[in-house]
Amino acid sequence: MACSAKQARAFVEKYLGDNADALNDVINALFWYGEPAMQEVRSAALLTGILEDGGFQVDRGISGFPTGFMATYGSGSPVVAVHTEYDAAPDNSQKPGVAAHDPIIPGAPGHCEGHNVNAAVMIASAMATRRAMEAHGLSGTLKIFGAPAEELVLARPYFVRDGYFDDVDVAFHPHLRERLSTEYGILQRAVVSAEFIYHGETAHAAMSPWKGRNALDAALLMDSGMAQYREHLCPGMNMHRVVTDGGNQPNIIPARAAIWWFLRDRTAQGAQALFEQARKVAEGAAIMTNTELEVEVKTAVWPVRGNQALAEALQSNIDVIGMPAWNEDEHDLARNLQAANNADEIGLEPEADTFDGPSESIAAANDCGDVSWKVPMGRLWFPANIPGVTFHHWSAGSALATPIAHKGGLVGARTLTATLVDCLTDENLIADAKSTFANETAGVDYAPMIPDSNSPPLEANRELMQKFRPEMERYYIEPKNCFQ
Ligand SMILES: [Zn+2]
């Protein structure tokens, strides 16, 4: 390693140690904001404010997402990007550090996975890397992307479609889990998110039902058809739905009903094929009920792929940095949450993962999938949650503004930053990432699956936040410690 690289590595380690309180403050502030998809107004303002104060050029509202942003520092090559999410989710308000279901505000949204920690890690790494670039004369461009609405798998296909990754050489996505690890290959599933909306005609349900055309019947028949189709799903496919409109009251035949599906597969083509099958089932239900069908594709994303060269670079830093030293209080909270969740009471993970070949993809999706087919992408999992808790359940919210998230976030920021410095100081790494990426994606013709006519759903979760924000604001805390 060249002298300047060694000095930059030492610089970022010291910087992150010195700025740990600022990192913790961002983790906590985002947690208490608890803003769901498309409503991350305070979160985006906090993150872009830190970057702007830190000397980044900030473009807000990219691709029509009011809470999305791109922040740029430096110029020329290599162009190294980091992107992550900061949305909470509906239904999962939970007091931090409490090992029982105890909402801050019943019915309010809340962080129930840890995207608050993801974004704080990205910001701390951005600031550390940017200071090292200045202090040690590292050339290149750092691009930091704020990606709204990951829980709706929304933003990044738009960013890719609109050219924001055209000049990017390599990209990284930090996301928390319970261990410090990385992997390569296909990591997560493709998904098509589509709403099937039926239009019928109202009538008095007792006096003249024969005059009505029942849209709810159509939605239920589609659901039944999809249940029958489950037997024929290929391994790796899965699907789930919510009814978003089922009519207004029983004595009025519903003129409108809607059912919203997530349709997943290991490949983009498989998810698309499952969507086409769902459309046939939906059309059958419309024929049976004399209703009209409208299909709205809300979003569609490619499966997440990890690049091997970037995974190896991340792993070499994981091997050096390792897991946080957890204390007994932290293990106790973990064991109590595991007990409450009927999981093995093993406490927190003591060891970082070793690196053993291509990954087995998990059944969830992430909209960063589209980035990962556009440019070589490294995925860093860092340890800021508890083994055995269930994501999108209150138990996964409890650790997210406690020392478990703080210590795990710091380890994540150190690992990510060390790897960003590697990318800015080792041109062979960028070349390896590009050549392995070319092999990994050979024969695949990537194009975003989102329909050209789609635009960001600005109304998503708006009513929910209009209802809960005034009460949630009473708990908001603003960071006291600034990044230097
Ligand atoms: Zn997530």
>> So if I take the centroid of the Cα atoms in the range 376-395 and the same for the range 1-77, what is the distance between those two points in Å?
In response: 20 Å
>> I need the per residue convex hull volume for the range 391-449, using only the alpha carbons, in cubic angstrom as a whole number.
In response: 148 Å³
> Quick one: putting +1 on the C-beta of Lys and Arg, -1 on the C-beta of Asp and Glu, what dipole do you get for the chain around its Cα centre, in Debye to the nearest 20?
Replying inline: 520 debye
> What does the charge count near ALA255 come to, summing +1 for each Lys or Arg and -1 for each Asp or Glu among other residues with Cβ under 14 Å from its Cβ?
Replying inline: -2
> Based on the mean of other beta carbon atoms within 10 Å per residue, what is the order of 333-339, 359-365, most packed first?
Replying inline: 333-339, 359-365
> Under 15 Å from the 7 Å Cα→Cβ point of ASP329, by amide nitrogen: which residues of the range 93-107?
Replying inline: 96-99
> Summing +1 for each Lys or Arg and -1 for each Asp or Glu, what net charge is found among the other residues whose Cβ lies under 13 Å from the Cβ of GLY397?
Replying inline: -2
> What's the FRET efficiency of ASP319 with HIS199 using the Cβ-Cβ distance as r and R₀ = 60 Å, to the nearest 0.05?
Replying inline: 0.55
> Can you sort ARG379, ARG9 so the residue with the fewest Cβ neighbours within 10 Å comes first?
Replying inline: ARG9, ARG379
> For all pairs of alpha-carbon atoms in the chain, what percent lies in each bin of width 10 Å, listed from the first bin to the last filled one?
Replying inline: 4, 19, 29, 26, 14, 5, 2, 0, 0
>> If I stretch the segment between VAL242 and ILE105 completely, what's the gain in nm (0.36 nm per residue apart, minus their alpha carbon distance), one decimal?
In response: 47.0 nm
>> Just to confirm a number: summing +1 for Lys and Arg and -1 for Asp and Glu over residues other than CYS368 whose beta-carbon lies under 9 angstrom from that of CYS368, what do you get?
In response: -2
> What is the range 327-484 by shape, rounded, prolate or oblate, if you read a ≥ b ≥ c off the alpha carbon gyration tensor as root eigenvalues and call it rounded for a/c under 1.5, prolate for a/b larger than b/c, and oblate otherwise?
Replying inline: oblate
>> Only counting other Cβ atoms within 10 Å, I'd like TRP32, TRP381, TRP260 sorted with the fewest neighbours first.
In response: TRP260, TRP32, TRP381
>> Take GLU478 and ALA2, extend 7 Å from each Cα along the Cα→Cβ direction, and tell me the distance between the two endpoints in nm.
In response: 4.2 nm
> Once the Cα atoms of the range 421-484 are picked out, what are the Rg and Dmax in Å?
Replying inline: 22.4, 54
> For LYS211 and GLN269, FRET efficiency with R0 = 51 Å and r from the beta-carbon atoms, rounded to 0.05?
Replying inline: 0.70
>> Just to verify a number: FRET efficiency for GLU134 and ASP91, C-beta to C-beta distance, R0 = 35 Å, to 0.05?
In response: 0.20
>> Over 5 Å intervals from 0, what percent of Cα-Cα pairs in the range 192-298 sits in each interval?
In response: 2, 14, 23, 22, 16, 10, 6, 4, 2, 0, 0
> Label ILE362 and ARG279 with points 7 Å out from Cα along Cα→Cβ: what is the distance between them in nm?
Replying inline: 3.1 nm
> Among HIS199, HIS204, HIS83, which comes first, then next, by fewest other beta-carbon atoms within 10 Å?
Replying inline: HIS204, HIS199, HIS83
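We did not get these values from a lab; they are worked out from the coordinates using the rules stated. It should be emphasised that the depicted structure is a prediction, and the values quoted were computed from it without experimental measurement. Backbone-built Cβ (ideal geometry, glycine too); neighbour counts: all protein chains shown.
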